[in-house]
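No value in this document is a laboratory result; all are computed from the given coordinates. Since the structure is predicted, the reported quantities are computational estimates derived from the model, not experimental observations. Here the Cβ is made from the backbone with ideal geometry for all residues, glycine too, and neighbour counts use every protein chain on show.
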Amino acid sequence: MRFSTQTLLLQLGVVLLVVLLSGAVHAWLVSGRIGNEAENQALTLARTVASDPGIRSAVQAISKEEGTPPAPVLATGPVQAAAEAARLRTGAFFVAITDETGLRLAHPDPALLGEHVSTDPSVALAGREETTRNTGTLGPSAGAKVPIYAPGSSTTVVGIVSVGYSMESLGQSLARDIVPIVLTAGGALLTGVLASFLLRRRLQRLTLGLEPEEISTLVHDQVAVLQGVDDGVIGVSADGRISVFNAAAQRLLEQPDLSGTPWADAPVPGQLKALTRPDAAEADAIELVAGGSVLVASARKALHRSEDLGWVVMLRDRTELQQLTRQLDAVGTMSTALRAQRHEFANQLHTIAGLMSIGQHQQARDYLAGLAATGPLKFPVDQAELLQDPYLQAFVGAKGVEADERGVTLRIGPETLVRGQVTEPQDVTTVLGNLIDNAVNAAVVGSSPDRWVELEVLDEAHDDGGTLHIVVADSGNGLAAGTDPEAVFAEGFTTAGGPGLAAPAAAGARTSGGQGLGLALARKLARRRGGDVRLLEPGTPGGPGAVFMASLPRTTTGTTAGTPAGTTDLAGKDNDA
């Protein structure tokens, strides 16, 4: 049996028991009240008859005679007439009068005159009044017995008056009074049944028709699942309050537990709130940057048997995937460059072999000297030797190959000097890669025939690790006129026609990471390390384009030598901008 059914039956049983007990107590009280009223009425009538002077004189006269008059004489005597008159006048069950020995002098049944009364008259004959409920010759009754005193005396008892009212008539009175009791009890029972059904229905609605065991299991499962998954889960109830905000959501959004907070007032990105608008499509998923992480968010409507329970917002961390993707892109770019170099090395070896085979040894030596001067690898990046860190050389060289394939020259500025070793390649790759990619895109769409991207990198030594300063400029058309410099760092900013379009694409404005997340992510990563990414120059139409600068503290081992002369020039460029 379902718990709701058990609860309903229990409530009905309690209501029925309460109604029955209340009705029984009420009936018992009414019955007692009617009986008491009958006794009091009988006592009043008995007192009235016993105090009648005629009755007192007639009873004393009979008591003085030898023996008791025969029944026919008593039936026509004044005592019988007075008693019957009082009975008929008041509607009593009986009015009986006896002498001092308990023999009947008056009775509704003339055949019983002259006989001893059927109930004990000793209390009344002793001079005391009493009320009784007993069964006599006429049936059950409620009545009273009052002594009759001799005329002019208050102590000499010459007889008694016994008055009674039939219990059957009392029962009829009770039956008349019990009808409202029954109706009231029935109404209370009906109200209790209706209230029980309404309570059961509300209970089912509140518990979604689940049994207590199922609710307990769901609670345990919810705690185990919500706190055990790496995905963030936010539950928004139908009344617009946050009902679930698991540990993963707190970590990804860098917020405390917001359970109970109105969703509209919650300190979460506006893109998440937009997902739960009534007109939002459930299949839509968005990417956003929060707390230095790239998150993929989606929302689903929660329904249970066609009942609207609100929304469930899911958050997935794509930061590591983004970083791995960028690293794989860099590796793929370098692999492509290495394959091209392998083909070039094969041609160079064939050239050396040909010179040796025809005896041109001096030309072979000169050729080898030229190869030694240019290095084993020749990336299309001007002044790449200024980057002394192998990681930066390889990464920038790969980017140079990629830019060269798009018709853009990547060159290293003369102020560049890196003497330390990169210790945080992932963050450096993310920031430097985004800046170079955006610059190459701007140079490609720019109107200048000479397409170039210039990169200057300088490391600054500190006790807790070196700071890497990066400046990237390009030959593009710069930002569109009137574009807010901070808008380029907003999530979704792009000139590819996406929702974050802040300036027309024809104006040469920037494309942030291809998906509107590159610059936003780069700035968040830099600021998380205590640095920053900012716009130094918005650029001019026709070129040169925009200039960006990034500072990445604690990303190199730093150096202990003095600051090179180029540092002053780089700082001067920063200040001029």
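Sequence-ordered 3J(HN,Hα) estimates for segment 243-254 from the Karplus curve with 6.51, -1.76 and 1.60 and θ = phi - 60° stand at 9, 9, 8, 6, 4, 5, 5, 4, 6, 5, 9, 6 Hz, glycine and proline given as x.
Between GLN383 and VAL219, full extension at 0.36 nm per residue minus the direct alpha carbon distance yields a gain of 52.6 nm.
Which trypsin sites (Lys or Arg not before Pro) in segment 1-58 pass both tests, a DSSP loop state and at most 13 other beta-carbon atoms within 10 Å? Passing both the DSSP loop test and the Cβ count: ARG2. When each of the peptides 97-109, 434-446, 248-260 is scored by how many other beta carbons lie within 10 Å of its residues on average, the order from highest to lowest is 434-446, 97-109, 248-260. How many angstrom separate the Cα center of segment 425-483 from the Cα center of segment 71-103? Cα centres, segment 425-483 to segment 71-103: 132 Å. For segment 93-99, backbone phi angles converted through the Karplus equation (6.51, -1.76, 1.60; θ = phi - 60°) give residue-by-residue couplings of 5, 7, 10, 10, 10, 10, 8 Hz, Gly and Pro being listed as x. Classified by the C-alpha gyration tensor, segment 1-102 has a prolate form. Its axis ratio a/c, with a ≥ b ≥ c, is 1.5 or above, and a/b is larger than b/c. In order along segment 393-407, the Karplus-derived 3J(HN,Hα) couplings, from 6.51 cos²θ - 1.76 cosθ + 1.60 at θ = phi - 60°, round to 4, 5, 5, 5, x, 5, 4, x, 4, 5, 5, 4, 5, 9, x Hz, and Gly and Pro are given as x. Close amide H pairs (under 5 Å, H built 1.01 Å from N) link LEU309 with ALA302, LEU303, HIS304, residues at least 5 positions away or on another chain. Sparse packing (at most 14 other Cβ atoms within 10 Å of the Cβ) combined with a DSSP loop state is found for the following GluC sites (Glu not before Pro) in segment 1-70: GLU65, GLU66.
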